[in-house]
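Please read the structure below before turning to the comments.
Read the figures in this text as sums done on the coordinates, not as results from a lab. Given the structure is predicted, the values throughout are model-derived calculations rather than measurements. Methodologically, a virtual Cβ is constructed for each residue, glycine included, from the backbone with ideal geometry; neighbour enumeration extends over all protein chains shown.
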Amino acid sequence: MLRRLLLTAAVSATAALSAVPSAIAGTPSAVPEASPLPETSPVPTAFPAGPSSLSPAAYGVALPALMPPPARPDDSVDRLTVTVHGAGGGADGTFELACHPAGGSHPDAAEACDRLDRKTTWGKDPFAPVPPDTLCTMQYGGPATAHVTGTWAGRPVDARYDRSDGCEISRWNAMVPLLPGSRS
């Protein structure tokens, strides 16, 4: 039942979104008006006119995650400096990372760039700290710390990492191989 409802909503939203541009331009809609939505449909039956209301997310349509454009044209190259302390196993030091194309002194530049690309989506900061009200397990992951600075996706980056509790360990692990993996 839920699957049918979601499929109906997705098809209805797609049809409605394709009809909105023609309605704004004053041309007849390509969607037949004889197929009304069920009363319990999560998709609105009347769409507000105007370009500002045409957000696909407003109608429940999922779009593929894309990397946001640079804030300035000068920032089209992603460059980061990663400084690691206390990780051991030869992982300590300061490394430069350039992406698109991958390069720099980082020991695994291509994989680090690929990981960051996968983590970069609209509306989310891949370097965001753990929110202050988050409940975290009380575990210690070791003395390792890292500081990442530079520019990513046209935005400035100044992020600090440690392994002081479960949330911070998870945040660190989500950035491997940009940050060194744990040496267990």
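Here are a few things to note about the model shown:
- Taking amide hydrogens as placed 1.01 Å from N in the peptide plane, the amide H of residue 157 sits under 5 Å from those of 150, 151, 152, each at least 5 positions away in sequence or on another chain.
- Estimated inter-spin distance, residue 117 and residue 147, nm [label 7 Å along Cα→Cβ]: 3.0
- Evaluating 6.51 cos²θ - 1.76 cosθ + 1.60 at θ = phi - 60° for every residue in the range 149-164, the Karplus couplings come out as 10, x, 10, 9, 6, x, 10, x, 10, 8, 10, 10, 10, 8, 10, 7 Hz, glycine and proline recorded as x.
- Förster-model FRET efficiency, 45 Å R0, residue 138 and residue 102, C-beta, rounded to 0.05: 0.75
- In this structure, the amide hydrogen of residue 87, modeled 1.01 Å from its nitrogen in the peptide plane, lies closer than 5 angstrom to those of 92, 145, counting only residues at least 5 positions away or on a different chain.
- Near-label residues of the range 73-117 by backbone N, under 20 Å of a point 7 Å along Cα→Cβ of residue 170: 116
- Coordinate range along principal axes, alpha carbons of the range 114-154, Å, largest first: 34, 23, 17
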